[in-house]
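Take a look at the structure below.
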Amino acid sequence: MDLSVYLEKEMGLSKELITLLDEAFDYKEFPKNHILLSSGNRSKQVFYIEKGLVRIFYYKDGKDITDYFFAEDTFFLSVENVFLDQEDHYSYQLLENCSIRIVDYSKIESLLDAHPKLNTLVRTIMAYHIKILADRVYNLQFQSAQNKYEDLMENFPDLILRASLGHIASYLGITQQTLSVIRANTKL
């Protein structure tokens, strides 16, 4: 969804604030498989996905491990870079052709200072990501592979059509063979 439409429909911001944010964000298109950010980056940018799918991953023992997927209508940034001034250990790969809006976090800070109502937007986005993290930790610690798959299909039903089975298996912390068995035995 277009950034301005999202800000109006989902966040209920005024036309003035929507215009300010829309003008602050640059619009870029990137091809499938493009690495938006590589491990070790120090990007201070905030991203909003208008169209496409982004995979967050890291390397462990020479193997890439999918940590998360972000799809349309999602804001994301590197917490390590923006808030802790540390290198990011993750890489960000585009799994589809993507339309992404990008702004430097310093512009967001300036807008927050000038327009305190934007703090509600930031809190909403942060709460969303904290909930994602809490759910991810819960699933990793307490759910069976079957339950993790069912939860993924309930929350992201089209992901199976948009990401490779290898990336999905990696995200779930299982092998592709186990994923195939689960898929064959699951009626969703």
Residue in the stretch 3-22 that is nearest to the chain's Cα centre (by Cα), counting only those that are open to solvent by 50 Å² or more (accessible area, probe 1.4 Å), more than 14 Å from GLU72 (Cβ to Cβ) and touching a residue at least 60 places away in the same chain (Cβ under 8 Å): LEU20
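Do you know which residues across the stretch 58-80 are touching an Asp or Glu at 6+ places or on another chain (Cβ under 9 Å) and open to solvent by less than 10 Å² (accessible area, probe 1.4 Å)? Lay out the reasoning, then the answer.
Residues of the stretch 58-80 touching an Asp or Glu at 6+ places or on another chain (Cβ under 9 Å): 58, 71-73, 78-80.
Selection gives SER78 alone.
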Hits in the stretch 116-174 (condition: open to solvent by 60 Å² or more (accessible area, probe 1.4 Å), farther than 24 Å from ASP64 by Cα and over 17 Å from the mean Cα position of the chain (by Cα)): PRO116, LYS117, THR120, GLU154
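When you look at TYR68, is it touching a residue at least 60 places away in the same chain (Cβ under 8 Å) and among the aromatic types (Phe, Trp, Tyr), yes or no? First the steps, then the outcome.
Values: touching a residue at least 60 places away in the same chain (Cβ under 8 Å): yes; among the aromatic types (Phe, Trp, Tyr): yes.
Yes, satisfied.
Taking the condition within 20 Å of ILE108 (Cα to Cα) and buried (at least 19 other Cβ atoms within 10 Å of the Cβ), does LEU53 pass?
Details: within 20 Å of ILE108 (Cα to Cα): no; buried (at least 19 other Cβ atoms within 10 Å of the Cβ): yes.
Against the criterion (within 20 Å of ILE108 (Cα to Cα) and buried (at least 19 other Cβ atoms within 10 Å of the Cβ)), LEU53 does not qualify.
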Number of positions in the stretch 112-154 that are basic (Lys, Arg) and within 20 Å of ILE18 (Cα to Cα): 2
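Can you tell which of ALA127, ALA163 is farther than 26 Å from ASN185 by Cβ and of a type in the set (Gly, Ala, Ser)?
Step by step, each of ALA127, ALA163 is checked, and only ALA127 is farther than 26 Å from ASN185 by Cβ and of a type in the set (Gly, Ala, Ser).
So that you can scan it fast, the table gives a plain yes or no per residue for (1) among the small types (Gly, Ala, Ser); (2) touching a Phe, Trp or Tyr at 6+ places or on another chain (Cβ under 8 Å); (3) under 23 Å from ASP2 (Cβ atoms); (4) modelled with pLDDT of 90 or more:
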| position | (1), (2), (3), (4) |
| --- | --- |
| PHE75 | no, yes, yes, yes |
| VAL82 | no, yes, no, yes |
| GLN86 | no, no, no, yes |
| HIS89 | no, yes, no, yes |
| CYS98 | no, yes, yes, yes |
| LYS107 | no, no, yes, yes |
| THR124 | no, no, yes, no |
Pair list, Cβ < 7 Å and 6+ apart or interchain, from the stretch 81-95 residues that are open to solvent by 20 Å² or more (accessible area, probe 1.4 Å) to residues that are of a type in the set (Ser, Thr, Tyr) and not in a helix (DSSP H, G or I): HIS89/SER39; HIS89/TYR58; TYR90/SER39; TYR90/TYR58
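The values are calculated or read from the model by the stated rules, or taken from the named source; none is laboratory data. Keep in mind the model is a prediction, meaning the values are calculated, not measured. Here Cβ is always computed from backbone atoms with ideal geometry, including for glycine, and neighbour counts include all displayed protein chains. Note: accessible area is taken over every heavy atom of the protein model, side chains too, but ligands, DNA and RNA are not part of it. Shrake-Rupley method; radii C 1.70, N 1.55, O 1.52, S 1.80 Å.
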